[in-house]
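Below is one structure, written out as structure tokens; the observations come after it.
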Amino acid sequence: MPSMTERRNILVVDDDEINRMVVRVLMERRNYRVMEAASGPEALDMVKDETFDVVLMDLSMPGMDGLETTRRIRSDAAGSQLPVVALTAHTSHKEQQMCLEAGMNAVLRKPFDSEQVDRLLGLLDHSTQGPDA
């Protein structure tokens, strides 16, 4: 992961344009570079073509949902270590377990605030830097 002075590249995947805009604005205010995908297949193409530090993935999308999209990201060597965070309004224990089983690193419940996002990204930084960080 980049240092705190470097800009992170974040992919926001959500079929709802308003949700993508809200997350984009929140992230851009923190100096993150944000790209958007409106579907699972679009996200898969973008992950193949770009380098991201984290993917924020909606679960409920038509066609290919966030769980299947994450499984497909994980099946490619380039995406095997990419942090993927579920964005969902549903946070039952069963759904959280499904997210982890699909290969997601964490679950962020909607609506969320900027402090929750900062805390989560900080945790992801520490978990991907290894024991010498």
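Computed values, structure above
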| item | result |
| --- | --- |
| Unmet criterion (only one of (1) in contact with a Ser or Thr (Cβ under 7 Å, 6 or more places away or on another chain); (2) farther than 17 Å from Phe112 by Cα; (3) touching a residue at least 40 places away in the same chain (Cβ under 8 Å)) for Leu44 | (3) |
| Subset of segment 3-53 that is of a type in the set (D, E, K, R), touching a helix residue (DSSP H, G or I) at 6+ places or on another chain (Cβ under 9 Å) and modelled with pLDDT under 90 - its residue that is nearest to Gln81 (Cα to Cα) | Arg8 |
| Every residue from segment 75-99 that is outside any strand (DSSP E or B) and under 13 Å from the mean Cα position of the chain (by Cα) | Gly79, Gln81, Leu82, Pro83, Cys99 |
| Conditions (1) surrounded by fewer than 19 Cβ atoms within 10 Å (Cβ to Cβ); (2) more than 21 Å from Leu123 (Cα to Cα); number of the one not met by Arg20 | (1) |
| Segment 29-42, subset of a type in the set (D, E, K, R) and more than 15 Å from the chain's Cα centre (by Cα), residue surrounded by the fewest Cβ atoms within 10 Å (Cβ to Cβ) | Arg29 |
| Selection count, segment 61-74, where residues are in a loop (DSSP other than H, G, I, E, B) and either small (Gly, Ala, Ser) or surrounded by fewer than 20 Cβ atoms within 10 Å (Cβ to Cβ) (or both) | 4 |
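The values are calculated or read from the model by the stated rules, or taken from the named source; none is laboratory data. Since this is a predicted model, take the numbers as computed values, not measurements. For neighbour counting, all protein chains shown are included, and Cβ atoms are generated from backbone atoms with ideal geometry for every residue, glycine included.
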